[in-house]
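Here is the structure we will look at.
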Amino acid sequence: MKSVLLIGLGRFGKNIAIQLNKLGHDVLGVDHNEDRVNEAMDIVTDAQIGDSTNELFLRRLGINNFDICFVTISNDFQSSLETTYLLKELGAKFVVARAERDGQERFLLRNGADRVVYPEKQIAKWAAIRYSSDHIIDYIELDEKHSLYEVAVPDEWIGKSIIQLDVRRRHNLTIIGIKQDDVMNFMIKPDTVLTKDMTLLVLGEYKTLQKCFRF
């Protein structure tokens, strides 16, 4: 369990609070809006009304006691920048800040953010890749080029073994897992024969995957 400070209880911040609550973390939620704080009381460990651009207010929270600080302020980039800067100045160990527009990430990183999330852009990319293909079921981006993809087994691969397909040499992709009956198996044997009810966990570049699966 980690101690988390969550500043900004709008829609995005509230959803992060819900997930942190499900994961069993200790969350202090902060917002300047009393209604938002009251609405979040059931999904955070504690909540306070306050101005996160006020150094004295933040200092009283004991910033260096939190493992992670999330800055999810919406529609006020100046406050987000000031809050991010003050958190680091007050000894925050790890700050994750939200960007809402292109270009904001650079400024947040310069002001002390350790990581920046851009939910609208990230979900847009995920949706475009996920739903523009008949084969991709899900994916996780690892860096600008490489991702993990869960893909359906192509018709022409059904009935063939991993060693027969030789995917790594032929397509520069690596099959690292096979899912069947909602169970993911990472202990893949070369003689495993693929069936229609399987999905594959594949590591590689999108363009390579696109060429291999012809979508």
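One table, with the values for the structure above:
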| read-out | value |
| --- | --- |
| Filter result for K2 (within 18 Å of the chain's Cα centre (by Cα), surrounded by 13 or more Cβ atoms within 10 Å (Cβ to Cβ) and farther than 19 Å from T84 by Cα) | yes |
| Residue in the range 31-49 that is in contact (Cβ under 8 Å) with a residue 12 or more places away in the chain and touching a Ser or Thr at 6+ places or on another chain (Cβ under 7 Å) present | no |
| Residue check, T208 modelled with pLDDT of 90 or more and hydroxyl-bearing (S, T, Y) | no |
| Identity of the residue in the range 22-38, under 24 Å from the mean Cα position of the chain (by Cα) and surrounded by fewer than 18 Cβ atoms within 10 Å (Cβ to Cβ), that ends up nearest to F94 (Cα to Cα) | D26 |
| Single match in I123, I175, I137, I162 (criterion: farther than 30 Å from Q78 by Cα, surrounded by fewer than 18 Cβ atoms within 10 Å (Cβ to Cβ) and aliphatic (A, V, I, L, M)) | I137 |
| Options A92, A97; residue that is assigned to a loop (DSSP other than H, G, I, E, B) and surrounded by 19 or more Cβ atoms within 10 Å (Cβ to Cβ) | A92 |
| Flag for M198 being within 23 Å of the chain's Cα centre (by Cα) and either surrounded by 12 or more Cβ atoms within 10 Å (Cβ to Cβ) or basic (K, R) (or both) | no |
| Set D102, D51, D42: member being surrounded by 13 or more Cβ atoms within 10 Å (Cβ to Cβ) and not in a strand (DSSP E or B) | D51 |
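The values are calculated or read from the model by the stated rules, or taken from the named source; none is laboratory data. Being a predicted model, the structure only gives us computed values, none of them experimental. So basically every Cβ, Gly included, is an ideal-geometry build from the backbone, and we count neighbours across all protein chains shown.
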